[in-house]
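A.B. asks: The structure under discussion is supplied below as structure tokens; questions concerning it will follow.
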Amino acid sequence: MDKIIIEGGTPLVGQVTISGAKNAVLPVLAATLLTQGENEILEVPRVRDVKTMVDLVQDLGAEVDQHNGSRIVLDTSGVHKTEARYDLVSTMRASCLVLGPLLARLGEARVSLPGGCAIGARPIDLHIKGLEALGAVIKLEEGYIHGTAKKLKGAHHYFDLVTVTGTMNVMMAATLAEGETVLENCAREPEVSFLAQVLNRSGAKIEGAGSDTITIQGVTSLRPIECSIFPDRIEAATYMIAGAITGGEVEVLNCLPDELEPIVLKLREAGVDVAVNERSVKVRSHSPLTPVNIRTHPYPGFPTDVQAQFMALMVLAQGQSVITETVFENRFMHVAELRRMGAEILIDGHTAIVRGIKRLSGAPVMATDLRASASLVLAGLAAKGQTLISRVYHIDRGYQEMEKKLSKLGASIRRVK
Ligand code: UD1
């Protein structure tokens with residue numbers, strides 16, 4: 001298994017270009033199952049989760065052609081299988097995004113039930129409830145969710161909790177349902193609005209995506225998708241924090257600053273200079289960091305996917321900060337590893353109390369999930385001495401060429417087999 005070795009302590013300086021958003025391309029790949037024909041997706045990030053979703057759609061009968069990595073053409077005319085295999089679904093929870101499209105297009109779906117994961121139980125009961133509201137009959141059999149629906153029918157449905165992929169799954173299914181669907185308490189993430197725009201360009205009739213009420217008028221068929229994926233806001237935030245934590249000067253190119261507002265404002269509150277341009281941000285940090293409190297929330301709140309990285313930064317602030325995780329029940333797996341590097345963090349339920357220290361020290365640590373791994377890389381970049389990170393396959397799930405991008409900024413980082 002690969003490991004990453006970092007010699008910390010070098011301020012990062014230079015420019016880094018952000019890749020397409022992982023969490024935007026995964027639902028679009030699932031949405032191609034709603035269409036019949038040649039779909040074309042550009043600016044696809046080369047990360048492992050995307051490969052998993054491509055393998056899944058291919059296994060369901062799509063023909064896939066990948067060009068230079070970042071352009072994917074998928075012909076979905078031959079999609080006929082209704083079963084998403086356990087070995088594909090078990091490695092990535094977002095695989096459950098094929099449930100809605102398969103039910104809508106083929107009237108049946110058998111998708112392996114995702115297990116728990118490092119950041120919590122993460123059930124998919126809300127996806128199921130939404131699809132049942134559209135008339136699907138869903139049973140749990142032998143570890144699989146088995147759904148059938150002769151014809152989905154529009155409905156008025158309220159999500160008990162804000163769920164990103166749950167909103168997407170039910171929205172996708174409703175595009176081919178009969179009549180009108182109104183979804184309340186929807187996720188407002190940019191990835192949801194993007195998916196709606198992409199589907200509308202293919203003939204769907206979706207209004208209100210980006211707000212908490214989405215209305216969908218069902219249509220009988222959708223044309224193939226053509227789209228270009230927008231830049232990854234979580235990757236952008238990670239490199240902004242990399243500049244700040246090393247006391248460097250990093251310009252993050254190809255990002256959408258409006259979507260990064262909570263990060264920009266919280267970094268400024270911590271005493272970091274952040275200059276915002278139309279499609280880039282520049283982060284400069286020379287003075288000691290001020291502690292700030294954060295509380296994660298669904299969009300437009302502070303993203304849970306940046307909590308671990310921001311905590312690494314707060315470990316080096318001058319004083320105490322309080323970080324509260326409200327989205328997932330167990331998303332402090334990075335804390336034990338950061339402590340191995342000298343961090344002083346107390347956990348009390350959903351809250352982490354971070355007492356700033358002057359310097360982290362390099363140590364062998366273990367990546368436990370995607371964003372936790374990113375926080376260990378950030379801590380390693382700032383630490384004195386060598387940090388050895390194992391289980392880096394978690395990083396490869398969502399960051400394209402992370403070592404390459406960081407090396408270009410002057411980091412001493414390498415991968416060993
Ligand atoms: C998506 C993102 C993930 C991000 C998360 C929250 C993708 C592929 N992944 O994950 O990176 O961290 O949003 O911004 O886009 N829940 C239930 N029942 C359900 C569904 C969710 O109880 O049926 C709970 C979850 O356990 C969690 C909360 O709702 O506590 C929010 O989860 P959700 O928004 O669904 O996360 P994902 O869509 O899986």
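A.B. asks: According to a simple spin-label model (label point 7 Å from Cα along Cα-to-Cβ), what is the distance in nm between residue 129 and residue 275?
C.D. replies: For residue 275 paired with residue 129, the spin-label model returns 4.9 nm.
A.B. asks: Tell me which residues come under 5 Å, amide H to amide H, from residue 228 once H is placed; ignore anything under 5 positions away on its chain.
C.D. replies: Those qualifying (amide H under 5 Å, at least 5 residues apart or on another chain) are 42.
A.B. asks: Also: Between beta-carbons, use under 12 Å as the cut-off and find the net charge around residue 160, counting Lys and Arg +1, Asp and Glu -1.
C.D. replies: Local charge sum for residue 160: -1.
A.B. asks: Want the number for residue 3 to residue 64: 0.36 nm per residue separation, take away the alpha-carbon distance, what's left?
C.D. replies: Additional length available on full extension: 18.9 nm.
A.B. asks: Here's another thing I want to ask about it. Find how many whole Å separate the alpha carbon centroid of the range 325-348 from the alpha carbon centroid of the range 7-58.
C.D. replies: 28
A.B. asks: Using amide H atoms built in the peptide plane, which far-off residues or other-chain residues are under 5 Å from residue 366 H to H?
C.D. replies: So residue 366 has HN proximity to 390.
A.B. asks: Here is a follow-up. Do any trypsin sites (Lys or Arg not before Pro) in the range 249-294 lie in a DSSP loop with no more than 15 other beta carbon atoms within 10 Å, and if so, which?
C.D. replies: Those satisfying the criteria are 279.
A.B. asks: Next up: Please find the FRET efficiency linking residue 265 to residue 158, where r is the Cβ-Cβ separation and R0 is fixed at 25 Å, and quote it to the nearest 0.05.
C.D. replies: The computed FRET efficiency comes out at 0.20.
A.B. asks: When Lys and Arg each count +1 and Asp and Glu each count -1, what net charge do the other residues less than 15 Å away from residue 67, Cβ to Cβ, add up to?
C.D. replies: Net of charged neighbours comes to -4.
A.B. asks: Select from the range 1-105 those trypsin sites (Lys or Arg not before Pro) which occupy a DSSP coil region and have at most 16 other Cβ atoms within 10 Å, ordered by residue number.
C.D. replies: Sites meeting the loop and neighbour criteria: 46, 81.
A.B. asks: Now, a different point. Where a Cα-Cα gap under 24 Å defines reach, which lysines qualify for residue 282, not counting those fewer than 8 residues away within the same chain?
C.D. replies: Output for residue 282: 22, 266, 404, 405, 408.
A.B. asks: Along Cα→Cβ, 7 Å out, is where each label goes; now give me the distance between the ones at residue 320 and residue 346 in nm to one decimal.
C.D. replies: It is 0.6 nm.
A.B. asks: Here is a further query. What is the sum of charges around residue 7, taking Lys and Arg as +1, Asp and Glu as -1, for the other residues whose C-beta is under 13 Å from the C-beta of residue 7?
C.D. replies: The answer is +1.
A.B. asks: For the residue pair residue 295 and residue 201, what label-to-label distance in nm results when each label sits 7 Å from Cα along the Cα-to-beta-carbon direction?
C.D. replies: Between residue 295 and residue 201, the label points sit 3.8 nm apart.
A.B. asks: Here is a follow-up. Give the range of the longest stretch in the chain that excludes all GluC sites (Glu not before Pro) found in loop regions by DSSP and having at most 14 other beta-carbon atoms within 10 Å.
C.D. replies: 1-141
A.B. asks: Quick one: work out the % antiparallel among DSSP beta bridges in the chain, nearest 5.
C.D. replies: Bridges in the chain are about 70 percent antiparallel.
A.B. asks: Taking a virtual spin label 7 Å from the Cα of residue 17 along the C-beta vector, which residues in the range 208-239 bring their backbone nitrogen under 19 Å of it?
C.D. replies: Hits in the range 208-239 for residue 17 at 19 Å: 228-239.
A.B. asks: Would you calculate a helix-derived [θ] at 222 nm for the chain, using -39,500 (n - 2.57) for each DSSP H run of n ≥ 4 and dividing by the full residue count, to the nearest 500?
C.D. replies: -9000 deg cm²/dmol
Each reported figure results from applying straightforward, stated rules to the coordinates on display, with no laboratory input. Quick caveat, the model's predicted, so the values are computed rather than measured. Positions of Cβ are generated from backbone atoms using ideal geometry, with glycine treated the same way; all protein chains shown enter the neighbour counts.
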